[in-house]
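Take a look at the structure set out below.
Only the coordinates and a few stated rules stand behind these numbers; no lab work does. Only a predicted model underlies this, so the values are computations on that prediction, with no experimental measurement involved. All Cβ positions, glycine included, derive from the backbone under ideal geometry; neighbour counts span all protein chains shown.
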Amino acid sequence: MDAIPSQKSFDDAKPPDRGRGADHIAPDCAGQNFYAIDRGLRGLVRLYLEPDDFRRLEPHFDRLGVLAGGRLDELARVADKHPPVLNARDRFGRDEDWIDYHSSYREMEQIAFGDFQFHAMSHRAGTLGMDRPLPAVAKYALQYLFVQAEFGLMCPISVTDTSIHLVRKFAGAELKDYLLPKMLSGDVATMWKGTQFMTERAGGSDVGAIETIARCEGGEWRLYGDKWFCSHADADVALLLARPEGAPGGTKGLALFALPRRLKDGRRNAYRIVRLKDKLGTRSMASGEILLEGAVAYLVGEAERGFKQMMEQVNLSRLSHGVRASAMMRRCVNEALVCARSRVAFGKTIIEYPLLRRQLLKIIVPTEQALSMFLFTANAMDRANAGSKETEILLRILTPLLKFRACRDNIPVATGAMEVRGGNGYIEEWVNARLIRDAQIGVIWEGTSNINALDIVTRAVGKSRAHRTLEVALRKLLDQSTLIPAAFRDRLRLALDRTLAFADHVAAEPALEASARRAAGSLYHIASAILMMWEAAQPGADARRALYARFVLEHRLSAQDPLEPRHGEWERKAEELVFSERQVAIAEIAGLLEP
Ligand SMILES: Cc1cc2nc3c(=O)[nH]c(=O)nc-3n(C[C@H](O)[C@H](O)[C@H](O)COP(=O)(O)OP(=O)(O)OC[C@H]3O[C@@H](n4cnc5c(N)ncnc54)[C@H](O)[C@@H]3O)c2cc1C
């Protein structure tokens, strides 16, 4: 259909000085350094990393920033259009199933597993020139940069990383000696990559319904069953749940096994990839269905604790999913801003229009919330790894909060960024369409939104009381932030009190289960608002983060009358600062935090 010009176009449009033909099309972020252009990330990794680690790792952030805006981005575009292909048999008719990948995917694997060694960086020294494993903050910051270009491959990277974690923590000495040197290798040609299979047709959320059976035959475990969703289907070793014969039903009877693709003599193990899924997103990566036909597997840890052990992997993956959602949102912000600053309509660049600015804020604020939340969570992980019991409890609630809310926010953010680009955003040769497709999976895998919200409310709040540990941490940040006007901090304190009371109420009252998502969302919003306020008050920080905190407070945690005009004077001034392309000082924003 033809575009219908508004009255305004007839009245106001003057011929803008903007070239002809292709010059009208707004550029995208291709060729940019995704680290250098990310003011939020640069400020916060410096804040959350030890100074020495920051100094040593910053060149790698910068290098990956260049790659993500350059070669990786090019490869990701191609890999998305050339999805993996399953071959069931070889030319002799042998059931030697294998998956063919496009060369673009292979090159991305070389960057991820060979050059950066994402899978090993938390587990051993020697990656990126470090004399010890990388802090979680650095690992997830690197994941964040990588995923701004390529989302699909982050699944195999992350599941290899988390499989190594499970083997290191729970496997016996012999199994460790067998698996770890291969899994920790940085030689892409010979290394063993990992994955995890849980979901079956009987249930993904309801893991206790798993039907796969483990039989002890001739002194070794053999698996019989059908795994319905298997990402990174051709991994060299899969960690999976199965029920030993005679074990009780439900999650209690599930044991954790390591399933190698090849046996020690080099033959294929007795399982087949029966088909690959034709997916909406993550198209560069192979997800398939796997038929276990008496496959040899090794028991990992205690047979009775399989599910509990696997939950460690699930929690690590949930954190990575939150990071991935944050990363895709950042790509959306960057794309939207570059477009809004360049596209001209009715004689002005579109960023000048109030409605478009409102749209941009709805993209920017959730992105900044997620950035603060994932770095704070990763920092808690570093402190927990250093022995802090308190931060272990903090992690218990932060992880599902991040997974739940950041993955949900990613969807409207991706749609909003598409809309900013107009019709081109809908066309597959621009990155927006892929960002929309890839955003959807975040609310499905490693627990749907409902499953994460229930985990937060019934277990993290109801059983572990982890929200009270979070409260202590947040109150400390409020007390420390003396550069922020007291009235604003008091409003945040009040919102924190009300949010905690709401979460307690929902957790205590089974009849309120339908409010679990709202309670979880409010916890996320208040935590991220307080974090952003605190970050703004740090020496040398960019103070616009406190403005984001106020946007969250007003729009997510305060009652609003839909029939009242909302766009107050403070918002107009705050927008000016948010869209300015310079560092903002605390003195400039103090007046904008007062009611
Ligand atoms: C591309 C892709 C890749 C995947 N890769 C893997 C993989 O590598 N390994 C793996 O193990 N799994 C994988 N999965 C599976 C994924 O984890 C599951 O699909 C997911 O956990 C949901 O399970 P389900 O599909 O059985 O849906 P169900 O569990 O049947 O859920 C259906 C709906 O019911 C809701 N629901 C369920 N229980 C409740 C409740 N108590 N209260 C309220 N609502 C509820 C859910 O929120 C959901 O909306 C993958 C899935 C996809 C799409």
Using a Förster distance of 22 angstrom, determine the FRET efficiency expected from the C-beta separation of L355 and T415, and round it to 0.05.
0.90
Candidate aspartates and glutamates - alpha carbon under 18 Å from K252, same-chain residues fewer than 8 apart omitted:
E200, D206, E211, E302, E304, E312, D455
How much length would be gained if the chain were fully extended between A189 and E220, taking 0.36 nm per residue of separation minus their Cα-Cα distance, in nm to one decimal?
8.2 nm
Hey, rough spin-label estimate for I99 and V274, points 7 angstrom out along Cα→Cβ, what's it come to in nanometres?
1.7 nm
Label point distance in nm, A501-S388, each placed 7 Å from Cα along Cα→Cβ
2.9 nm
Calculate the length of the line joining the C-alpha centroid of segment 452-525 to that of segment 81-118, in whole Å.
45 Å
Subtracting the Cα-Cα distance of D62 and R46 from 0.36 nm times their residue separation yields 4.5 nm
Give the separation of the Cα centroids, segment 208-227 to segment 408-437, in Å.
43 Å
Taking the Cα centre of segment 194-305 as origin and charging only Cβ (+1 Lys, Arg; -1 Asp, Glu), how large is the dipole, in debye to the nearest 20?
340 debye
Please list 64-70, 425-431 highest first by mean number of surrounding beta-carbon atoms within 10 Å per residue.
64-70, 425-431
Looks like segment 13-150, by Cα gyration tensor root eigenvalues a ≥ b ≥ c and the a/c under 1.5 rounded cutoff (else prolate when a/b is bigger than b/c, oblate otherwise), is oblate
Measuring from centroid to centroid over Cα atoms, what is the spacing of segment 340-357 and segment 236-277 in Å?
55 Å
Taking +1 at the Cβ of each Lys and Arg and -1 at the Cβ of each Asp and Glu, which of A507, G21, H82 sits farthest along the dipole of the chain towards its positive end, judged by Cα position relative to the Cα centre?
A507
R518 versus D490, label points 7 Å from Cα toward the beta carbon: distance in nm?
2.8 nm
May I ask which residue of L280, L371, N315 lies farthest towards the positive end of the charge dipole of the chain, with charges of +1 (Lys, Arg) and -1 (Asp, Glu) on Cβ and the Cα centre as origin?
N315
Global form of segment 194-305, assessed from the alpha-carbon gyration tensor, a/c cut-off 1.5:
oblate
For the peptides 248-255, 353-360, 393-400, 217-224, what is the packing order when you average, over each peptide's residues, the other Cβ atoms within 10 Å and list the highest mean first?
393-400, 248-255, 353-360, 217-224
With the label point 7 Å along the Cα-to-beta-carbon line of A30 and a cut-off under 16 Å to each amide N, the hits in segment 392-427 are 424-427
So, over other residues within a Cβ distance under 13 Å of F151, counting Lys, Arg +1 and Asp, Glu -1, the net charge is +4
DSSP bridge orientation in the chain - percent antiparallel, rounded to nearest 5
85 percent
For the chain, what is the relative contact order in percent, using Cα pairs closer than 8 Å and at least 6 residues apart in sequence?
12 percent
Violations at 30 Å Cα threshold for listed pairs K193/K362; K193/K476; K139/K176; K169/K264; K277/K403 -> K193/K362; K193/K476
Does a label point 7 Å from the Cα of D23, set along Cα-to-beta-carbon, have any residues of segment 340-379 with amide nitrogen under 16 Å, and which are they?
342-345, 347-349
Quote the FRET efficiency, to the nearest 0.05, computed for R55 versus D131 with a Förster distance R0 of 22 Å and r equal to the Cβ-Cβ distance.
0.95
Using only the C-alpha atoms of segment 72-168, find the volume of their convex hull and express it per residue in Å³.
115 Å³
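Tell me, in nm to one decimal, what length is gained between Q583 and K252 on full extension, where the rule is 0.36 nm per residue of separation less the Cα-Cα distance?
Value of the extension gain: 113.8 nm.
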May I ask you to give the average projected area over all directions of the convex hull of the Cα atoms of segment 498-573, in nm² rounded to one decimal?
6.4 nm²
How big is the charge dipole of the chain about its Cα centre, in debye rounded to the nearest 20, if each Lys and Arg gets +1 on its Cβ and each Asp and Glu gets -1 on its Cβ?
380 debye
For the chain, what is one quarter of the convex hull surface built on the Cα atoms, given in nm²?
29.7 nm²
Any idea what the alpha-carbon Rg over 2.2 N^0.38 Å comes to for segment 466-593?
1.12
May I ask you to derive the FRET efficiency for A590 and D115 from their Cβ-Cβ distance with R0 = 45 Å, giving the value to the nearest 0.05?
0.50
In terms of the alpha carbon gyration tensor, root eigenvalues a ≥ b ≥ c, rounded if a/c is under 1.5 and otherwise prolate when a/b exceeds b/c or oblate, segment 251-390 is oblate
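Per DSSP H run of n ≥ 4, the term is -39500 (n - 2.57); total these for the chain, divide by its residue number, and report the mean residue ellipticity at 222 nm rounded to 500 deg cm²/dmol.
It lands at -16500 deg cm²/dmol.
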